[in-house]
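Just below is one structure, and these are the notes that go with it.
The values are calculated or read from the model by the stated rules, or taken from the named source; none is laboratory data. None of these values were measured; they are calculated from a predicted model. No Cβ is skipped: glycine too gets one built from the backbone with ideal geometry, and neighbour counts run over all protein chains shown.
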Amino acid sequence: MADTYTKLSDTISAKEGTAYITIDGQNRQMFEISKLEADVELTIQDKQLLGHRFKQHKITGAEGTGSMTCYFMNSDMLKAAIAYKSNGSFTGFTLQVKNEDAQSTIGKQEVVLYNVLPKKFPLAHLDDSSDDPITFDTDFTYDDYAALSTFDLPSNYR
């Protein structure tokens, strides 16, 4: 096959996609997201057993981590922080992220992250030296995930 190579048109643009957030049963598009990355970090045990000269490895757990940059333009996290301060309860949120580029033949991948907990978020922000929109960066954790859809092979590999 002469055409089994990666086609640029099948790569996914980082600008193509959407994210949805569910907080307290309310679902909405996460319009304020600028950048998002979610990862699974594996916990790997290594041990050199008797009779072997190489260490062996075994996955013993996993942790969901991520980071995001958001525009400072809604009060969802402020309301959650107020609720936590008042009654000690902070409910995580669900985050659904879809990567889909209409130019690509691989389709879409849609992932849901459960019990997302941001590590920080701004309560207020002022800066007289900037004309740029206010953004903030935060790391987050999540407790579980599911794939609603996964990418296909590019059409020239099928």
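Summary of values
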| item | result |
| --- | --- |
| In the stretch 144-158, the residues that are within 14 Å of Glu100 (Cβ to Cβ) and surrounded by 14 or more Cβ atoms within 10 Å (Cβ to Cβ) | Phe151, Asp152 |
| Those residues of the stretch 55-95 which are in contact (Cβ under 8 Å) with a residue 12 or more places away in the chain and of a type in the set (Ser, Thr, Tyr), in sequence order | Thr60, Thr65, Ser67, Thr69, Tyr71, Thr91, Thr94 |
| Selection from the stretch 82-116 of residues that are surrounded by fewer than 17 Cβ atoms within 10 Å (Cβ to Cβ) and part of a loop (DSSP other than H, G, I, E, B) | Gly88, Ser89, Phe90, Thr91, Ala102, Gln103, Thr105, Gly107 |
| First in the stretch 134-158 and among the charged types (D, E, K, R), second anywhere and loosely packed, with under 13 Cβ neighbours inside 10 Å, Cβ under 7 Å, 6 or more apart | Asp139/Lys119 |
| Every residue from the stretch 16-72 that is farther than 29 Å from Gly107 by Cβ, touching a strand residue (DSSP E or B) at 6+ places or on another chain (Cβ under 8 Å) and of a type in the set (A, V, I, L, M, F, W, C) | Ile44, Leu49, Phe72 |
| Flag if Lys98 is out of contact with any helix residue (DSSP H, G or I) (no Cβ under 8 Å at 6 or more places or on another chain), farther than 18 Å from Gln26 by Cα and at pLDDT below 95 | no |
| Residues located in the stretch 1-51, provided they are among the acidic types (Asp, Glu), outside any loop (DSSP other than H, G, I, E, B) and either surrounded by 10 or more Cβ atoms within 10 Å (Cβ to Cβ) or touching a residue at least 60 places away in the same chain (Cβ under 8 Å) (or both) | Asp10, Glu37, Asp39, Glu41 |
| Selection count where residues are charged (D, E, K, R) and modelled with pLDDT under 95, scope the stretch 31-52 | 1 |
| Residues located in the stretch 52-80, provided they are assigned to a loop (DSSP other than H, G, I, E, B), of a type in the set (S, T, N, Q) and loosely packed, with under 12 Cβ neighbours inside 10 Å | Ser75 |
